[in-house]
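What follows is a single structure, written as structure tokens, with notes after it.
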Amino acid sequence: RKKSEVSAMILERNNFFSLKQIETEARQFGLQDQFADFSRLLHLYELRQAGANEIGTKLENLDDDYAMTYDYNPIHHIEERTKSIHSLVEKMRRKDYEFSIENVEDHIFDIAGIRVVTNYIDDVYEIERSLVSQTDVTLVERKDYIAQPKPSGYRSLHIVVSVPVFQARGTYQVPVEVQIRSVGMDMWASLEHRLRYKTDMDPAEVEKHAQALVADAEELNQIELRMQGISKQLRETKGKNRS
Ligand code: GTP
Ligand code: MG
């Protein structure tokens, strides 16, 4: 891939909510009545999205540089998403927090989230290392569900990083959730998510599939490790054995 194609293709930002949409949704939930200063909620969304943009750009730059330096792209693609007000309210309820700006600021780190889908499993940790080692990026939280998969079979590396965002009124340290996973893990998680949340299927049938998916996750992991080995070998032998 040419560099220009890479930067055009890799990051899909089109799921981003506009602040206008957030405001409309927040009004539907009656949140404007709960806040003395409703604009603070919008500002929080603006900040978090700006933080995700900073991280997104860093990841794109990294992928370009890996291509340049090693002739190899660790990143398959990147997705950015903003949490809807609906799932924000639902999460605050689930976690038993009273709905206040301070509580959202202090406890909800995934208002803006980035998902990095890598080509292979080792790339997950390579991307993490290259991101977290940047001097303006701070690791806030880390859950390695690849080393310790969830009982469902779910695998992914979840980190929260904080990054400075420079704004008209000053500099803010902003948390961004980054989920990093391989193509196989992503494929698995997408299907399992649909099975879990988006189905009119008979519960017994769902349970049967969920059981099978636990084994599938393990098998996919084995397959990805094996394919990663081939890919590595190909890279190591590149340019050799030519007459
Ligand atoms: P929440 O963020 O409130 O869910 O709590 P948490 O931070 O304790 O949860 P976790 O670290 O498990 O990350 C939650 C996110 O990971 C979810 O929004 C999903 O995107 C993903 N996730 C976690 N577990 C599963 C799973 O079993 N299946 C799938 N498909 N996705 C999962
Ligand atoms: Mg979370």
| task | Among the residues of region 171-213, count how many are near ligand 1 (Cβ under 10 Å from one of its atoms), of a type in the set (A, V, I, L, M) and out of contact with any helix residue (DSSP H, G or I) (no Cβ under 8 Å at 6 or more places or on another chain). | result | 1
| query | Do we find that residue 81 is within 11 Å of ligand 1 (Cβ to nearest atom), within 24 Å of residue 194 (Cβ to Cβ) and touching a strand residue (DSSP E or B) at 6+ places or on another chain (Cβ under 8 Å) in this structure? | reply | yes
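Residue-by-condition table, conditions (1) within 15 Å of the chain's Cα centre (by Cα); (2) closer than 29 Å to residue 230 by Cβ:
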position: 113; (1), (2): yes, no
position: 131; (1), (2): yes, yes
position: 134; (1), (2): no, no
position: 137; (1), (2): no, no
position: 141; (1), (2): yes, no
position: 149; (1), (2): no, yes
position: 172; (1), (2): no, no
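From the list 216, 186, exactly one residue is under 22 Å from the mean Cα position of the chain (by Cα) and within 26 Å of residue 143 (Cβ to Cβ). Which is it?
Sole residue among the options that is under 22 Å from the mean Cα position of the chain (by Cα) and within 26 Å of residue 143 (Cβ to Cβ): 186.
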| Of (1) away from ligand 1 (no atom under 13 Å from the Cβ); (2) more than 16 Å from residue 55 (Cα to Cα); (3) modelled with pLDDT of 95 or more; (4) not polar (S, T, N, Q), residue 168 satisfies all except one. Which? | (3)
| task | Being within 14 Å of the chain's Cα centre (by Cα), on the phi < 0 side of the Ramachandran plot and within 16 Å of ligand 2 (Cβ to nearest atom) narrows it down to one of 159, 127, 108, so name that one. | result | 159
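Away from ligand 1 (no atom under 16 Å from the Cβ), over 17 Å from residue 180 (Cβ atoms), part of a helix (DSSP H, G or I) and among the hydroxyl-bearing types (Ser, Thr, Tyr), is that true of residue 66?
no
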| said: Suppose we filter 134, 211, 173 for residues that are modelled with pLDDT of 95 or more, assigned to a strand (DSSP E or B) and away from ligand 2 (no atom under 16 Å from the Cβ); which single one remains? | reply: 173
| field | Hits in region 44-67 - residues which are out of contact with any strand residue (DSSP E or B) (no Cβ under 9 Å at 6 or more places or on another chain) and surrounded by fewer than 16 Cβ atoms within 10 Å (Cβ to Cβ) | value | 61, 65
| remark: Being of a type outside the set (S, T, N, Q), farther than 21 Å from residue 224 by Cβ, touching a residue at least 12 places away in the same chain (Cβ under 8 Å) and in contact with an Asp or Glu (Cβ under 6 Å, 6 or more places away or on another chain) narrows 163, 117 down to just 163
| residue 106, sole failed condition from (1) more than 10 Å from ligand 1 (Cβ to nearest atom); (2) more than 20 Å from residue 27 (Cα to Cα); (3) touching a residue at least 24 places away in the same chain (Cβ under 8 Å) | (3)
| field | Answer residue from region 181-200, given it is of a type outside the set (S, T, N, Q) and either touching an Asp or Glu at 6+ places or on another chain (Cβ under 6 Å) or over 27 Å from residue 123 (Cα atoms) (or both) and is surrounded by the most Cβ atoms within 10 Å (Cβ to Cβ) among those | value | 184
| Quick check: is even one residue across region 110-126 in a loop (DSSP other than H, G, I, E, B) and either among the hydrophobic types (A, V, I, L, M, F, W, C) or surrounded by fewer than 17 Cβ atoms within 10 Å (Cβ to Cβ) (or both)? | yes
| note | Within region 162-194, residues being under 30 Å from residue 214 (Cβ atoms) and not polar (S, T, N, Q) number 15
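The values are calculated or read from the model by the stated rules, or taken from the named source; none is laboratory data. Quick caveat: nothing in here was measured; it's all calculated off a predicted structure. Here Cβ is always computed from backbone atoms with ideal geometry, including for glycine, and neighbour counts include all displayed protein chains.
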